[in-house]
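The values are calculated or read from the model by the stated rules, or taken from the named source; none is laboratory data. Only a predicted model underlies this, so the values are computations on that prediction, with no experimental measurement involved. Glycine also receives a Cβ, built like all others from the backbone with ideal geometry; neighbour counts cover every protein chain displayed. These area figures cover heavy atoms from the full protein model, side chains too; ligands, DNA and RNA do not enter into them. Shrake-Rupley method; radii C 1.70, N 1.55, O 1.52, S 1.80 Å.
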Amino acid sequence: MSFRKVNIVILVLAVVLFLLVLHHNFLGLSSLLRNEVSDSGILGLQPIDFVPNAPRQAVERRQEEIPVVIAASEDRLGGAIAAMNSIQHNTRSSVIFYIVTLNDTADHLRSWLKSGSLKNIRYKIVNFDTKLLEGKVKEDPDQGESMKPLTFARFYLPIFIPSAKKAIYMDDDVIVQGDILALYNTPLKPGHAAAFSEDCDSTSTKVVIRGAGNQYNYIGYLDYKKERIRKLSMKASTCSFNPGVFVANLTEWKRQNITNQLEKWMKLNVEEGLYSRTLAGSITTPPLLIVFYQQHSTIDPMWNVRHLGSSAGKRYSPQFVKAAKLLHWNGHFKPWGRTASYTDVWEKWYIPDPTGKFSLIRRHMEIANIK
């Protein structure tokens with residue numbers, strides 16, 4: 001009997017050992033399959049143009065996926081490249097760039113994104129259909145932006161990323177020095193579809209443009225002589241906000257039909273000329289000011305330290321510039337131009353164009369050419 005018991009015990013132990021080995025192998029296989037599914041689910045997502053060697057953290061941090069929308073025109077493509085590079089290098093979160101451009105720029109953009117440290121950027125190139133603007137924009141030679149369709153890309157975020165609940169929009173003339181996750185986590189009040197940085201905040205100096213009125217209140221953007229504007233009962237002294245960087249709650253945006261509201265005011269401006277004749281800033285600002293009047297949240301002012309492009313001089317101390325989370329060269333003097341300020345900060349993130357089509361304009365280069 002004892003011999004039989006020993007055999008039974010040995011048999012049981014053998015079975016248990018076999019099951020343990022089988023279980024271990026199953027877990028290994030399961031893990032492998034799970035990783036392959038995850039990689040396929042993210043890296044093979046269509047129609048996003050993902051790079052095959054995207055970092056492992058992109059898979060592991062899906063819950064922190066941050067959509068960033070940025071417009072990229074051919075003549076400013078280097079700006080978009082530098083902005084994306086700065087974002088990518090200053091965050092551990094998984095970021096997907098939705099790069100809005102025109103068809104004739106797409107190939108140039110793809111070739112640039114395949115170079116150097118940009119290879120790990122996850123992105124989707126979105127073609128902007130200029131037909132969206134028919135009847136909504138009146139071309140004005142004095143307002144160059146009116147003839148640049150990508151300026152209005154920020155109005156159509158739900159079209160570019162229909163499945164996203166939240167997104168960040170930013171202009172191409174910015175550099176991000178903080179972790180983009182902090183901006184993405186900006187709290188929006190209930191019922192608010194977006195959060196902007198107000199022009200009256202303490203970090204960005206109030207700017208008065210000669211002959212253009214105040215750049216930091218509504219009267220600098222809207223013509224209060226027009227009856228339709230007066231009927232809105234918006235105080236002319238209300239602080240305006242900068243639309244170059246904002247966080248959008250796309251669920252609320254769609255619920256309130258924000259895009260349709262913006263288009264309504266674009267059409268009315270074409271018909272009635274509602275914007276200020278001496279527009280203090282971007283042509284996209286007036287309809288946003290109307291639609292979001294007293295109905296927007298605010299972002300931390302350090303996430304849109306602007307006016308770096310308002311003049312050729314330096315308005316901020318080196319310590320303040322270093323502490324800023326986001327630097328914004330709004331204005332005429334862009335960091336890729338000949339008379340920009342703080343170009344050393346911007347050039348840290350710029351990656352030369354491998355095709356040679358885009359190049360920086362610098363004074364010392366011009367002097368060298370003259371000699």
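Counting pairs of alpha carbon atoms under 8 Å apart in space and at least six apart in sequence, what relative contact order in percent does region 78-132 give?
Once normalised by length, the contact order is 45 percent.
My understanding is that a pair violates if its Cα-Cα distance is over 30 Å; which of LYS119/LYS322; LYS254/LYS322; LYS189/LYS225; LYS189/LYS235; LYS119/LYS165 do that in this structure?
Beyond 30 Å between Cα atoms: LYS254/LYS322; LYS189/LYS225.
How much accessible area per residue does region 241-328 have, in Å², with a 1.4 Å probe?
On a per-residue basis, 39 Å².
Given contacts defined as C-alpha pairs under 8 Å and at least six residues apart, what's the relative contact order of region 224-371, whole-number percent?
16
Hey, can you rank 105-112, 129-136, 302-309 by average C-beta count inside 10 Å, highest first?
With the highest mean Cβ count within 10 Å placed first, the list reads 302-309, 105-112, 129-136.
Normalised radius of gyration for region 214-334, please: alpha carbon Rg relative to 2.2 N^0.38 Å, two decimal places.
1.16
Quick check on region 82-203: what does the Kirkwood estimate of hydrodynamic radius come out to from the alpha carbon pairs, in Å?
16.6
Please list log₁₀ I(q)/I(0) at q = 0.14, 0.23, 0.27, 0.29 Å⁻¹ for region 268-334, using the Debye equation with identical point scatterers on the alpha-carbon positions.
Once normalised to I(0) and log-transformed, intensities are -0.60, -1.06, -1.18, -1.23.
Based on the mean of other Cβ atoms within 10 Å per residue, sort peptides 332-344, 228-240, 170-182 so the most packed one is first.
By packing density, highest mean first, the sequence is 170-182, 332-344, 228-240.
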